[in-house]
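Report on one structure; see the data block that follows.
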Amino acid sequence: MKKILIIRFSSLGDIILSFPLINALKKEYPESEIHYLTKSVYKTILELNPAISKIILFNGQPLGELKSEIKNDGYDLVLDIHKNFRSILLTLFSGLNVKRYRKDTIKKFLLVKFKINLFKKIIPVYKKYIKAVGEEFAKKFSHYTATELEFDRTRKYDFNYIVIAPSSKHFTKTYPKEKFVSYIKASSFKIILVGDESTKDKEICDQIENETNAINLCGRLSYNELANIIFNSEYVLTNDSAILHFSEMLGKNVKAIFGSTVKEFGFFPQLENSLVIENKNLKCRPCTHIGLPACPLGHFKCMNEIQIEKLN
């Protein structure tokens, strides 16, 4: 295996969860080149991983051009860990050794819509990616591994702090901001707020900043700077979001709040000392495997009934 291509177009959390796969490939094939095909928006996060030799960007160009590039590069192995129409079309009839990961789409559908749980064994997403290479390979590299990312580790605050990522892309995965305010007011630590440049993230962090003494860095950090902030923190408090996986990839323990989603979907924390906070007494969970813009039943008990003040 001298040349390996990984295909994952999105999203941020899924891409971060592919890093243990890259770790395993480099251990098994230390002389190999690992190339990564993704959307351009994720280039900077991949640049932190020194094991990736080349990043191929999909910018909406004709798939035929991209397919020819992949075929001509002569990869020994192509790992399609996105497995959607586009990624399948890119590699179909390419003559390359292509392997794809198992999504368990039907099991997720039955659990969400009918609460029929066929997940006899819960397999984390990172492990599903590794299993795509083969069962024997997966047996050798089944344990979760953090990644030695390349970022500036020299800049440090002269105080101890907790990182809070209070937002998430979907409403049903977002813990109420007023509850974060209560937590911050009861904490003896300094708090640093992080998030992306989206309007939602900024509005949530701005409101929390206005009601507390938290330091608001939402939308102001590169991935390099974010890695530094997280790496030097006491721990990270977050929703079910990409920050959870980014933090654990840096070896940092997280306290993760889960609302509409559950462990069976494969995105729970993996580090031994990480903590999951969830309401297990609701028959309506899970109501989605991705996230929804509103609670289908209107009560949002999966988040509203969770108290985090005792975490301090």
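The values are calculated or read from the model by the stated rules, or taken from the named source; none is laboratory data. Just so it is clear, the structure is predicted and the values come from calculations on it, not from any experiment. Note that we place each Cβ from the backbone using ideal geometry, even for glycine, and neighbour counts take in every protein chain shown. These area figures cover heavy atoms from the full protein model, side chains too; ligands, DNA and RNA do not enter into them. Shrake-Rupley method; radii C 1.70, N 1.55, O 1.52, S 1.80 Å.
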* **Computed accessible area, Val262, all protein chains, 1.4 angstrom probe, square angstrom** => 20 Å²
* Which percent of the accessible heavy-atom area of the range 197-312 goes to carbon and sulfur, probe 1.4 angstrom? -> 47 percent
* To do: Using θ = phi - 60° and the Karplus relation 6.51 cos²θ - 1.76 cosθ + 1.60, list the HN-Hα couplings for the range 58-72 in order, rounded to whole Hz, with x at every Gly or Pro.
  => 9, 10, x, 5, x, 4, x, 5, 5, 5, 5, 4, 5, 5, 6
* Asked: For the pair Glu47 and Tyr29, how long in nm is the line joining their label points, each one 7 Å along Cα→Cβ?
  -> 2.6 nm
* Structure fact -> Partner aspartates and glutamates whose C-alpha sits under 13 Å from that of Lys120, ignoring same-chain residues fewer than 8 away, are Asp104, Glu264
* Would you kindly derive the ³J(HN,Hα) couplings of the range 268-274 from the backbone phi angles with the Karplus curve 6.51 cos²θ - 1.76 cosθ + 1.60 (θ = phi - 60°), listing them in order in whole Hz, with x for Gly and Pro? => 5, x, 10, 6, 4, 9, 6
* Just how much of Tyr161 is accessible, in Å², when a 1.4 Å probe is used and the result is rounded to the nearest 10? -> 10 Å²
* Given the alpha-carbon gyration tensor of the range 1-125, what are the semi-axes of its equivalent ellipsoid in whole angstrom, ordered largest first, with each equal to the square root of 5 times an eigenvalue? -> 26, 18, 15
* Label Lys283 and Ser198 with points 7 Å out from Cα along Cα→Cβ: what is the distance between them in nm? -> 3.2 nm
* Placed amide H near Tyr161: partners under 5 Å, 5+ positions off or other chain -> Glu234
* Solvent exposure of the chain as accessible area per residue, Å², 1.4 Å probe -> 48 Å²
* Asked: Which entries in Lys43/Lys83; Lys103/Lys173; Lys139/Lys263; Lys54/Lys255; Lys26/Lys169 show an alpha-carbon gap greater than 24 Å?
  -> Lys54/Lys255; Lys26/Lys169
* Structure fact -> Quick shape summary for the range 158-230, equivalent ellipsoid via Cα gyration tensor, semi-axes whole Å in descending order, reads 17, 17, 10
* To do: With θ set to phi - 60°, apply the Karplus curve 6.51 cos²θ - 1.76 cosθ + 1.60 along the range 109-123 and write out the HN-Hα couplings as whole Hz, x wherever there is a Gly or Pro.
  => 4, 5, 5, 6, 7, 10, 6, 8, 9, 9, 7, 5, 9, 8, 10
* Asked: Gly219's amide H: which non-local residues (gap 5+, or another chain) put their own amide H closer than 5 Å, with H modeled 1.01 Å from N in plane and none for Pro or chain starts?
  -> Gly195, Asp196
* Leaving out ligands, DNA and RNA, what percent of the accessible area of the range 1-153 is carbon and sulfur, probe 1.4 Å? -> 53 percent
* Order the peptides 244-250, 176-182, 82-88 from the highest to the lowest mean number of other Cβ atoms within 10 Å of their residues. => 244-250, 176-182, 82-88
* Asked: How long is the chain along each principal axis, judged by its Cα atoms, biggest number first, in Å?
  -> 59, 51, 38
* Asked: When all C-alpha to C-alpha distances in the range 72-161 are sorted into bins of 10 Å, what percent of pairs does each bin hold, rounded to whole numbers?
  -> 13, 29, 29, 18, 11, 1
* Asked: At Ile215 and Phe93, where each label point lies 7 Å from the Cα along Cα→Cβ, what is the point-to-point distance in nanometres?
  -> 5.7 nm
